[in-house]
Amino acid sequence: AAFAVVVGHVFPLFFGFRGGKGVATCFGALVALLPLAACSAAAIFATTVVATRYVSLGSILSAAALPLLAVLFARLGWAHDLQPGALALTCACSGLVIVRHAGNLKRLFAGNERRLGAGRG
């Protein structure tokens with residue numbers, strides 16, 4: 001159900017399957033299932049945005065870190081046992097978020113991604 005929510009946000013039927021990138025929806029879906037990992041990923045997002053002013057980079061790094069954080073916290077015993085379904089969901093949501101940021105990745109590598117607070121132009 002959580003993955004369906006994220007997919008529905010990214011590819012909404014009523015908007016011609018053109019939607020957002022799924023970052024906030026992914027966070028909202030996973031914060032209930034893996035709160036420590038999701039909140040740690042949010043901290044990575046915030047730290048990255050503050051340090052670089054690239055929202056897209058924060059989104060990509062936090063999405064990439066989320067499955068790793070989930071496994072780490074489960075191994076350390078800081079979270080409930082990580083069920084295979086929850087790990088699969090985390091990987092699928094993170095992968096979708098990263099794929100949706102392909103254009104941002106190209107702009108980041110080319111050096112022309114807009115920074116937070118920068119005007120258009």
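Taking the stretch 1-34, which residues are in a helix (DSSP H, G or I), without any contact (Cβ under 8 Å) to a residue 60 or more places away in the chain and either open to solvent by 70 Å² or more (accessible area, probe 1.4 Å) or among the small types (Gly, Ala, Ser) (or both)?
Scanning the stretch 1-34 gives 4, 5, 8, 9, 13, 14, 15, 24, 27, 28, 32, 33.
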In the stretch 99-121, which residues are part of a helix (DSSP H, G or I) and surrounded by 18 or more Cβ atoms within 10 Å (Cβ to Cβ)? 100, 104
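Only residues that are touching a His at 6+ places or on another chain (Cβ under 7 Å) and among the hydrophobic types (A, V, I, L, M, F, W, C): list them for the stretch 35-61, please.
Narrowing the stretch 35-61 to residues touching a His at 6+ places or on another chain (Cβ under 7 Å): 56, 59-60.
60 - this is the single residue of the stretch 35-61 that is touching a His at 6+ places or on another chain (Cβ under 7 Å) and among the hydrophobic types (A, V, I, L, M, F, W, C).
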Taking residue 41 as the residue in question, decide whether it is at pLDDT below 95, closer than 22 Å to residue 7 by Cβ, open to solvent by less than 30 Å² (accessible area, probe 1.4 Å) and in a helix (DSSP H, G or I). no
Taking into account only those residues within the stretch 45-61 that are assigned to a helix (DSSP H, G or I) and in contact (Cβ under 8 Å) with a residue 24 or more places away in the chain, which is farthest from residue 93 (Cα to Cα)? 52
Can you work out which of the residues in the stretch 73-94 that are part of a helix (DSSP H, G or I), in contact (Cβ under 8 Å) with a residue 24 or more places away in the chain and not aromatic (Phe, Trp, Tyr) is nearest to residue 9 (Cα to Cα)? 93
How about the stretch 44-75: which of its residues are on the phi > 0 side of the Ramachandran plot and either of a type in the set (A, V, I, L, M) or crowded, with 19+ Cβ neighbours inside 10 Å (or both)? none
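The values are calculated or read from the model by the stated rules, or taken from the named source; none is laboratory data. Note that this is a predicted model, so its numbers are computed, not measured. Glycine also receives a Cβ, built like all others from the backbone with ideal geometry; neighbour counts cover every protein chain displayed. Heads up: the accessible areas ignore ligands, DNA and RNA and are worked out on the full protein's heavy atoms, side chains in. Shrake-Rupley method; radii C 1.70, N 1.55, O 1.52, S 1.80 Å.
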